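Reading through the structure tokens given below for one structure.
The values are calculated or read from the model by the stated rules, or taken from the named source; none is laboratory data. Please read these numbers as outputs of a predicted model, since none were measured by experiment. All Cβ positions, even for glycine, are placed from backbone atoms using ideal geometry, and neighbour counts span all protein chains on display. Heavy atoms of the whole protein, side chains included, go into the accessibility calculation; ligands, DNA and RNA do not. Shrake-Rupley method; radii C 1.70, N 1.55, O 1.52, S 1.80 Å.
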Amino acid sequence: MKPYQKYLLGLGMAGSLHLTACTTQTTTNTETMTTAQQAQQQVSEDVHSYAEPTKAVARHLDLDIAVNFDSKTISGTASYAIDNLAKGNEIIFDTRGLQIEKVFLGDNKEETTFRLGETDKFLGQPLYVTIKPETNRVTIKYKTSPDAAALQWLNPQQTAGKKHPFLFTQSQAILARTWIPIQDSPGIRITYNAKVSVPKELMAVMSAENPMEKNDTGVYSFQMKQQIPSYLMALSVGDMVFSEVGPQTGIYAEPATIEAAAYEFAEMDKMLVAAEKIYGKYRWDRYDLLVLPPSFPFGGMENPRLTFVTPTVLAKDRSLTSLIAHELAHSWSGNLVTNATWNDFWLNEGFTVYFERRIMEELYGKPYADMLAVLGYQDLTNTIKELGAESEDTRLKLDLEGRDPDEGLTDIAYEKGNLFLRHIEMAVGRERFDEFVNKYFNTFAFQSTNTDKFLEFLRTDLIKGDTELAEKIDIEGWVFTAGLPEDHIKPTSERFAQVEETYTAWKNGKPASQLITKDWSSHEWLHFIRMLPANMNQQQMQDLDKAFNFTNSGNSEVLAAWFIHAINNNYITADKALETFLTNVGRRKFLVPIYKALAATPEGKKKALAIYAKARPNYHAVSTVTLDEMLK
Ligand code: BES
Ligand code: ZN
């Protein structure tokens, strides 16, 4: 059965239901359910998982694995406590590229039969395990393949310390199945314990309760007591140390990076306090960061208790820390209340961007948050232009069936999602909106939810039959319609108004060296660089570069934006810096626009391919999948 042919019920109440599995639709006996159960029932179809959790679902994972840097493999056992809800004879897991060696049932480990289904390029293979009606434990002995897409194995040269290898995982969106056989749907939650064996000179950390220091055995134990979806399974192994920031917060990084990281993120404890002030108690005990080597393909990844973060935010002036606010915000939107399918991704990211900016406003004031809002709005309008205002991918509720979710997840979820929430906030006032969102997080805590369920909550708990308000909020226009509703708020920023004046003066002939740019943060610089005309002559490029030294900027955002102009205007002075950047940094958000700009001319494309050939071994699969396609 293809995953998109099945309909799943939301979790939480699945245990109390008898379901008939069939190929096209699952019917339930609604008459025998209480009203509460019916209200809880949601039909959430996850087209990206083969699992059928209404029949048999995993509740807890005991992972026992060894990490082997020589063979670039992880091997061991994934042992699940399961609920065989349908009392049938099968449980299905997701796998991709895994070697399944043996499968056992029960605590006495009786061997059972299994079979792997056909391979789908994105989804991998379903693993069908034969179980008995009474089976409550399934143990899978397996091994990963050296090219498992979630894993990046770095050689010592690719780390800051240059002495030890390093490994990290990236499971979102559907890559957990490349390193663990798992029911890989965000609508399914598990708790987990793990025992991980690594080379003795290295340390292991996970999205769980962490060790804080290296031991001499090379064996590390972890516990994640709260239920989490599979995409939040995370592991990293390397030469790392821990540095405390506040009572509840700290940083893991390579020894060579820890000092810079401790300076950059010194305010993370304050962020946690600010976040709690807005949406209530942090539910995951500790909040730590792991600063990764530069090949990390994202800015940040909200692995619970341990956000993974790119070192490209180490700007030395704390100017890029909104990214930490973002990942911290996911501790509520995403990790606590989770999108049930990738079509509902905006519930994760839209709420998170909204919350991120609220945290930044709380800490640094409205003028600061306004800058972030304007930059985000620029990203949004660019994305809409790129996709086309009529494109269905510009709707909040997505349809990613048949596609790799990773490729369909764009700024729309982030910035249109955020704008929708700001739009509702404007309509009802901040106080009422805060109360509503608080209640939303509490009501759905540790559950997965979908767009329909959220909208139902919005109607019953906020709109409450007020037709004028319903019209103003315009759910249909925002969630199910392409493009942007006309009455959306266009964010503005006082601080950027000053940047715009400065820019105009330059454009009218004032030399760059005479511009007043004192006290500009990297956001003002970014706004300035984004405003620069697409076509500039060498003299203009030099004038700017001489005055502001953009080519050698230590700020990755500034650098990445400047390189686009350097490429478009054939400013070869930046060539060397550009090549260094592209060979070191693996963050996809930077790589894609830069390679795209290069590939726009035949000559540039040659350059792009030459650099890519050298740089590709430094990139994570998440980035190479996108770039291979773009540059082929
Ligand atoms: N959860 C995302 C990263 C992600 C999204 C990974 C989809 C895989 C699939 C994370 O929270 C995120 O949004 N990171 C952003 C930073 C943020 C400040 C916008 C990034 O990496 O650029
Ligand atoms: Zn995010």
Accessible surface of the range 480-566, 1.4 Å probe, proportion on carbon and sulfur as whole %: 48 percent
With every protein chain in place, the range 115-250: carbon and sulfur % of accessible area (1.4 Å): 48 percent
Debye equation applied to the C-alpha atoms of the range 363-480, log10 I(q)/I(0) at 0.22 Å⁻¹: -1.38
Under the Debye formula (equal points on every Cα, no solvent term), log10 I(q)/I(0) of the chain at q = 0.05, 0.08, 0.09 Å⁻¹: -0.22, -0.59, -0.75
Karplus-derived HN-Hα couplings along the range 153-158 (A = 6.51, B = -1.76, C = 1.60, θ = phi - 60°), whole Hz, x at Gly and Pro: 9, 9, 7, x, 4, 8
For the range 158-283, projected area of the alpha-carbon convex hull averaged over all directions, nm²: 8.9 nm²
Length added when fully stretched, Glu435-Val241, from 0.36 nm per residue minus Cα-Cα: 65.8 nm
Debye log10 I(q)/I(0) at q = 0.08, 0.10 Å⁻¹ for the range 473-631, Cα point scatterers: -0.30, -0.47
Span from the the range 450-485 Cα centroid across to the the range 333-349 one, whole angstrom: 17 Å
Among 118-128, 500-510, 202-212, the order from most to least packed when residues are scored by Cβ within 10 Å on average: 202-212, 118-128, 500-510
Global geometry of the range 325-405, whether rounded, prolate or oblate, following the gyration tensor of its Cα atoms and the 1.5 cut on a/c: oblate
Packing-based ranking, highest mean first, of 373-380, 341-348 given that Cβ atoms within 10 Å are counted: 341-348, 373-380
Cleavage-rule hits (GluC sites (Glu not before Pro)) in the range 438-495: DSSP loop, at most 10 neighbouring Cβ within 10 angstrom: Glu486
Selected from Ile100, Val273, Asn155, residue furthest toward positive end of dipole (the chain; charges at beta carbon): Asn155
Amide H within-cut-off set for Leu85, under 5 Å, with H built and near neighbours excluded: Ala56, Val57
Selected from Tyr263, Pro491, Ile611, residue furthest toward positive end of dipole (the chain; charges at beta carbon): Ile611
Point-charge dipole on Cβ atoms (K/R +1, D/E -1) for the range 178-293, about Cα centre, debye to 20: 600 debye
Rounded to 10°, Cα long-axis angle of helix 556-568 versus longest principal axis of the chain: 60 degrees
³J(HN,Hα) computed for each position of the range 183-197 - Karplus, 6.51 cos²θ - 1.76 cosθ + 1.60, integer Hz, glycine/proline x: 7, 8, 10, x, x, 10, 10, 9, 9, 8, 10, 9, 10, 10, 9
Acute angle (nearest 10 degrees) that the helix 621-631 long axis makes with the longest principal axis of the chain, alpha-carbon atoms: 60 degrees
Nearest-ten-degree value, helix 588-598 long axis tilted from longest Cα axis of the chain: 50 degrees
Lys/Arg +1, Asp/Glu -1 at C-beta; the chain dipole; positive extreme among Trp284, Thr139, Thr352: Thr139
Highest to lowest packing among 302-313, 609-620, scored as the average C-beta count within 10 Å: 302-313, 609-620
Test item: Cα-centred dipole of the chain, Lys/Arg +1 and Asp/Glu -1 on Cβ, debye: 1180 debye
Added length on full extension, which subtracts the Cα-Cα distance from 0.36 nm per residue, Lys121 to Thr504: 132.8 nm
Förster-model FRET efficiency, 51 Å R0, Thr443 and Thr573, C-beta, rounded to 0.05: 0.35
